[in-house]
Number of protein chains: 2
Amino acid sequence: MEALPDGAAHVGPRVRALRTERGLSLSELARRAGVGKATLSGLEAGTRNPTLDTLHSVAAALGVALTALVEGPRIHGAAVRMDLLRVFEEGAATYELYRMRIPAGTAQTSPPHHPGVTEHATVFAGELRAGPLHDPASAGPGGYLEWAADAPHGYAAVGEQDVHASLLIRYPR
Amino acid sequence: MEALPDGAAHVGPRVRALRTERGLSLSELARRAGVGKATLSGLEAGTRNPTLDTLHSVAAALGVALTALVEGPRIHGAAVRMDLLRVFEEGAATYELYRMRIPAGTAQTSPPHHPGVTEHATVFAGELRAGPLHDPASAGPGGYLEWAADAPHGYAAVGEQDVHASLLIRYPR
DNA sequence: TGCCATCGTTCCGTAAACGGAACGATGGCC
DNA sequence: GGCCATCGTTCCGTTTACGGAACGATGGCA
């Protein structure tokens, strides 16, 4: 009965975490959000299947975007962990925006994507070495890399710090 | 009766757009998602207040993240339009990731934030001029800018193209 | 110690989201 | 023309998420 869909199962704990971080009681948050305490209690416990309406109210009361409550799929490779943040459907292409984390000193390769697909990385922390396997490039904090992803490519954290970066993958129509 | 909360009002049209882009009929998507046609019909029309369960099923059948269906708040300034993509609660700071768009030739200023707040912009398209009002800097596609946001600062699209960029705002604890 | 406010959970009647079935409309196909 | 599959909407009974109220537990404070 408590079996919620995979991607939604973490909403409850996340709400509870955000709430306690802010030092709010369940009653207080319920009051601010304008939802019943029973609703919020069940939401946090994972015993309810909340409505979009409820989620929106709670997110607003927590001061976060609804997006912050629902987790995107997490891709766990050998070294790289990527969280899908957002999908943009533009006119001529689809964009997927990931947050990428690579532990220091580790690396991972990726098989080619479809022709025309490009990847764009912005480094926030650490030293990222990425690109086609035959011609990778490096970038530190604030740096930017892009490469064609229709050939085998890889990612590596070459410095002593974990790499934090955003990765934008562009799929042309 | 059809009054759904602001941030949720666009879910229906977005689902319909994603579905028709894929050439799927309503019946077919409902079948693939394992939801009733009545449910999907009402969801797209905005006459229902869908459950997290339902949203997850539909997103999965469309092959997109749940994140792609729910819009973050949109900040509409004089020139800059920003969509909040994600909020990260790290140990020592909170990060807000925005997508920023500035029409060519326009500019906007922003009042100071709290001390210690920094902003980090990565330009995808156009020429961005941004930073403290007394010392702005410029960056083109692939470029990166960062500045302290605890002083008056501004953003401008100085080239002939609209600026598309990601803006990361870091709030220390 | 008693008193009281607030905590989070549980109970319960109501409102509504759910899936299945029936509906008329539309578009091949023979 | 008739036939039939599929379209998206609507109807309807069942399930369940909803908010309000009641609950016992906990923690100041006089």
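The values are calculated or read from the model by the stated rules, or taken from the named source; none is laboratory data. Everything numeric here is computed off the predicted structure, so don't read it as measured data. Don't worry about glycine lacking a Cβ; one is built from the backbone with ideal geometry, like all the others, and counts go over all protein chains shown. These area figures cover heavy atoms from the full protein model, side chains too; ligands, DNA and RNA do not enter into them. Shrake-Rupley method; radii C 1.70, N 1.55, O 1.52, S 1.80 Å.
Laid out as a table, the results:
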{"read-out": "Label zone at B:S41 (point 7 Å along Cα-to-Cβ), backbone N below 16 Å, region B:19-35", "value": "B:25-31, B:35"}
{"read-out": "For region A:8-68, alpha-carbon Rg over 2.2 N^0.38 Å", "value": "0.94"}
{"read-out": "Rounded to the nearest 10 Å², the accessible area of B:D135 at probe 1.4 Å", "value": "100 Å²"}
{"read-out": "Region B:8-68, accessible surface, carbon-and-sulfur percent (1.4 angstrom probe)", "value": "48 percent"}
{"read-out": "Position A:R32, label points 7 Å along Cα→Cβ, spacing to each other copy in nm (shortest first, one decimal)", "value": "4.0"}
{"read-out": "Buried area at the A-B interface (accessible, heavy atoms, 1.4 Å probe, summed, Å²)", "value": "3600 Å²"}
